[in-house]
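Participant: The structure that follows is given in the form of structure tokens.
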Amino acid sequence: MTVQLCGTICKHPGNSGPDDTFKIYHFTFCFTASQAIVGNTVTITSMTINGVTKTAASGAVTPTSVSITPGSTVCYYIDALEFPDSANGSARLDFSYTKLIGGNPDPAGATTGFVQATFNGIDRCGTSDHGVNPKDWPHPSGATADPPPGNNNCL
């Protein structure tokens, strides 16, 4: 399983959270499966931004899982909600999946992985990114994303 950050990182307009002061980050990640995995599913575990970790189980990272078939690459919008600021810095996406070996789940259990990146100059989604990232929030359930045109680092 290979996971790459593809496209612009941006912040959705407005705020979230109980006191309407938290920020919502938007990312596009592309998942490539080189082998079969149980349920064709990668589970999103958490997102860490500038040292603050939020979990998918708490609803602060959406979606909580993505679907992918062996030998394919699929890109998904992944959003991280309820972060305290929109500062430049670093992001890390943690995920897990279970390999199928001989048609059976890997006896070793789930494989965990992560991808991380640094970012600067976070723009509001749908503004200076010339439409590369969507303006709609929340995204449609299971929303797949097209990687930005001409981004050779994505596929």
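Participant: Any residue at all in segment 85-95 that's under 21 Å from I9 (Cβ atoms), assigned to a loop (DSSP other than H, G, I, E, B) and under 10 Å from the mean Cα position of the chain (by Cα)? If you could, list the steps in order and put the result at the bottom.
Facilitator: First, the residues of segment 85-95 that are under 21 Å from I9 (Cβ atoms): 85-95.
Applying the additional criterion that residues be assigned to a loop (DSSP other than H, G, I, E, B) yields 85-88.
Then keep just the ones that are under 10 Å from the mean Cα position of the chain (by Cα); that gives none.
No; the residues of segment 85-95 include none that is under 21 Å from I9 (Cβ atoms), assigned to a loop (DSSP other than H, G, I, E, B) and under 10 Å from the mean Cα position of the chain (by Cα).
Participant: In this structure, does A87 turn out to be aliphatic (A, V, I, L, M) and in contact with a Leu (Cβ under 6 Å, 6 or more places away or on another chain)?
Facilitator: Details: aliphatic (A, V, I, L, M): yes; in contact with a Leu (Cβ under 6 Å, 6 or more places away or on another chain): no.
Considered against the rule, which asks whether it is aliphatic (A, V, I, L, M) and in contact with a Leu (Cβ under 6 Å, 6 or more places away or on another chain), A87 comes out as no.
Participant: If we keep just the residues of segment 1-24 that are of a type outside the set (S, T, Y) and not in a loop (DSSP other than H, G, I, E, B), which is modelled with the highest pLDDT?
Facilitator: Of all residues in segment 1-24, those of a type outside the set (S, T, Y) come to 1, 3-7, 9-15, 17-20, 22-24.
So of that shortlist, the ones also not in a loop (DSSP other than H, G, I, E, B) come out as 3-5, 10-11, 22-24.
Values: V3: 92, Q4: 89, L5: 85, C10: 75, K11: 76, F22: 71, K23: 77, I24: 80.
My answer is V3.
A quick yes/no check of all residues on (1) at pLDDT 85 or above; (2) acidic (D, E):
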| residue | (1), (2) |
| --- | --- |
| G71 | yes, no |
| P107 | yes, no |
| N120 | no, no |
| G126 | no, no |
| D146 | no, yes |
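Participant: Give all pairs with beta carbons closer than 8 Å in which a residue from segment 71-88 that is within 23 Å of L100 (Cα to Cα) meets a residue that is of a type in the set (A, V, I, L, M) and assigned to a strand (DSSP E or B); count only pairs at least 6 apart in sequence or on separate chains.
Facilitator: From segment 71-88, the pairs are V74/V66; Y76/V66.
Participant: Check F95 against each of (1) closer than 12 Å to M1 by Cβ; (2) surrounded by 19 or more Cβ atoms within 10 Å (Cβ to Cβ); (3) in contact with a Leu (Cβ under 7 Å, 6 or more places away or on another chain) and name the one condition it does not meet.
Facilitator: Result: F95 fails condition (3) only.
Participant: Just to be sure before I move on: is G142 modelled with pLDDT under 90 and closer than 20 Å to T32 by Cβ in the structure I sent? Before you say what the answer is, go through the steps one by one.
Facilitator: Numbers: modelled with pLDDT under 90: yes; closer than 20 Å to T32 by Cβ: yes.
Judged against the criteria, G142 is a match.
Participant: A further question on this structure: What is the number of the single condition among (1) at pLDDT 70 or above; (2) in contact with a Leu (Cβ under 8 Å, 6 or more places away or on another chain) that G113 does not meet?
Facilitator: (2)
Participant: Hey, another quick one. Look through segment 58-72, keep the residues that are surrounded by fewer than 17 Cβ atoms within 10 Å (Cβ to Cβ) and either β-branched (V, I, T) or more than 14 Å from the chain's Cα centre (by Cα) (or both), and return whichever of them is farthest from F29 (Cα to Cα).
Facilitator: Applying the filter and picking the extreme gives S58.
Participant: Just give me the residues in segment 25-57 being more than 13 Å from the chain's Cα centre (by Cα), outside any strand (DSSP E or B) and crowded, with 18+ Cβ neighbours inside 10 Å, in sequence order.
Facilitator: A33, the sole residue that qualifies.
The values are calculated or read from the model by the stated rules, or taken from the named source; none is laboratory data. Quick caveat: nothing in here was measured; it's all calculated off a predicted structure. Heads up, the Cβs are rebuilt from the backbone with ideal geometry, glycines too, and the neighbour counts pull from every protein chain shown.
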